[in-house]
Amino acid sequence: MTPEPTNPITPVAAPAPADELEIKVIPEEFYGGGVRMTVEEKKPAAPAPAAQVMPLAPQKSRLPVIIAVVVLLMAIGGGFIYFNRSLLFPAPAAPQIVVETPEPIEVPAAPTDVSATSTNYQSISLIWTDVAADESGFRLERRAGDGAFASLTSLPPNSTSFLDLSVESGTTYTYRLLALNEAGESAPSNEASATVPSSPLISARPELPPAGLDTDSDGVTDLEEGLYGTDVRKSDTDSDGFLDGNEVFHLYNPAGVAPVKLLDSALVKVNTAPVGWVISIPTPWGLVFNTTQGTKATIDTKHGELFTITIEENPERKSIAEWYAEKNPGVNAMQVMPFRSKGGYEGIVGTDLLTTYIPWGDRVFVLAYELNGQPFINYRTTYSMMLNSLILSGMPEITPPLPGAELPFEPSATPTSVETSVGEPTPAT
């Protein structure tokens, strides 16, 4: 074969016959970069040199740094809070206390129109006008003859009368009252005097038995103390400044601070008769109508003594003194004494000093204390309490009793009580 010229452009030879096909090879320098790259990629890559492992340097602990940072932050924060504590935590405002100044209490007005009367040799009756609306009680003072005034007793508020039984015949007594409250005492009332007459020469009045045992000398016997829940060893059970006997007399509860009344407690019960009288008696006692209309009734004390109620005729409506004189001829007027209840009813106390007569239209209401052989008068103050509770309605109109209407009373039998309560009693205070 003839060597090819060095000219890069080689003339194209005519195609050889098919049976003489000749393969032409491109010189190596003419291979394209892509062909060479493909050939080079197919060559096995030389192994990379092994990496050298460098030993790690020892790591230092960061815990002390963290603790130091935390302590520093706390110190800074604590200092900030401390120096700004008044701004961050202001003190709570003090509560505003509003002090209401109570209205000043003035001393009560003194009672007026005090009068004293004695029509017998055993007592002096006092009445007055209560003009104060804010008194807590009264102090009654008395002097005998030209002596000095001394306190006689204390009385509950709204009192308007008092019966002085501690007098001596032939003596002149002068009285005055002072109203009391928290602010102090009023000026003395006007003075009223009365002279107790000398004892009459006749001795028709029977001698009364002594009063029942009164351990604490409060005007309420030991038996009565049990009726009112009071202390037999303490004269002022509720410590309100008033003797237990005075409170019972004036219809107040001696075991409850004034102005708690007996009717506001369960200590008494109210009884109403068809004829029209109303009276309060201690709750343990019993009352029986001996007639259908209550013209006769009996109160059983459960201790032997009895109280009887009788409505008697006075068709001519005579004065009670005249009516009594006709019923008891020969009785000296000096042997009876006047009576006035807290309800305003006026009458007389008979010669036995245990029976009270009160005019009531064309009738007379009579309340008698029957001892039935008892050696002591155990219920004198309760007797006065019942009279002070008495209510007499209008002028009674009594129809004639039917046959058999009179009902005998037998103390030994169990009484059938006919009672009408006025309101429901509330527990004692």
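The values are calculated or read from the model by the stated rules, or taken from the named source; none is laboratory data. As the structure is a computational prediction, the values presented were derived from the model and not from experiment. Positions of Cβ are backbone-derived with ideal geometry, glycine not excepted, and every protein chain shown enters the neighbour counts.
Give me a count of the residues in segment 229-248 that are assigned to a loop (DSSP other than H, G, I, E, B) and at negative phi.
Final tally of qualifying residues: 12.
Out of curiosity, is Ile81 at pLDDT 80 or above and on the phi < 0 side of the Ramachandran plot? When the stated conditions are applied, Ile81 does not pass them. Cβ separations smaller than 6 Å between residues 6+ apart or across chains give the following pairs from segment 309-334 residues that are in a loop (DSSP other than H, G, I, E, B) to residues that are surrounded by 15 or more Cβ atoms within 10 Å (Cβ to Cβ) and aliphatic (A, V, I, L, M): Asn314/Val364.
Restricting attention to segment 89-105, does a residue exist that is closer than 23 Å to Gly184 by Cβ, in contact with a strand residue (DSSP E or B) (Cβ under 9 Å, 6 or more places away or on another chain) and assigned to a loop (DSSP other than H, G, I, E, B)?
At the first step, the residues of segment 89-105 found to be closer than 23 Å to Gly184 by Cβ are 100-105.
With the extra rule that they be in contact with a strand residue (DSSP E or B) (Cβ under 9 Å, 6 or more places away or on another chain), the set shrinks to 105.
Still in the list and also assigned to a loop (DSSP other than H, G, I, E, B): 105.
For segment 89-105, residues closer than 23 Å to Gly184 by Cβ, in contact with a strand residue (DSSP E or B) (Cβ under 9 Å, 6 or more places away or on another chain) and assigned to a loop (DSSP other than H, G, I, E, B): present.
Screening Asn253 on (1) surrounded by fewer than 19 Cβ atoms within 10 Å (Cβ to Cβ); (2) within 30 Å of Asp134 (Cα to Cα) shows it passes everything except condition (1). Taking every residue in segment 175-188 that is assigned to a loop (DSSP other than H, G, I, E, B) and pairing it with any residue that is buried (at least 16 other Cβ atoms within 10 Å of the Cβ) and polar (S, T, N, Q), at least 6 positions away or on another chain, the pairs with Cβ-Cβ distances below 8 Å are Glu182/Ser136.
State all residues of segment 342-379 that are more than 20 Å from Ser319 (Cβ to Cβ) and either of a type in the set (Gly, Ala, Ser) or not assigned by TED's automatic domain parsing to the domain that holds Val331 (or both); if no residue qualifies, say none. Spell out the reasoning first.
First pass over segment 342-379, keeping only residues more than 20 Å from Ser319 (Cβ to Cβ): 342, 352-354, 368-379.
Scanning segment 342-379 gives Ala368, Gly373.
Among the residues of segment 350-371, those that are at pLDDT 90 or above and of a type in the set (Val, Ile, Thr) comprise Thr355, Thr356, Ile358, Val364, Val366.
Go through segment 316-333 and give me each residue that's surrounded by 18 or more Cβ atoms within 10 Å (Cβ to Cβ) and either in contact with a Lys or Arg (Cβ under 7 Å, 6 or more places away or on another chain) or more than 16 Å from Leu390 (Cβ to Cβ) (or both). Show your work before the answer.
Residues of segment 316-333 surrounded by 18 or more Cβ atoms within 10 Å (Cβ to Cβ): 320, 323-324.
Of everything in segment 316-333, those that are surrounded by 18 or more Cβ atoms within 10 Å (Cβ to Cβ) and either in contact with a Lys or Arg (Cβ under 7 Å, 6 or more places away or on another chain) or more than 16 Å from Leu390 (Cβ to Cβ) (or both) turn out to be Trp323, Tyr324.
Residues that are within 14 Å of Ala110 (Cα to Cα) and among the small types (Gly, Ala, Ser) were ranked within segment 130-167; the one that is surrounded by the fewest Cβ atoms within 10 Å (Cβ to Cβ) is Ala133.
For segment 342-357, the set of residues classified as assigned to a strand (DSSP E or B) and under 38 Å from the mean Cα position of the chain (by Cα) consists of Glu346, Thr356, listed by residue number.
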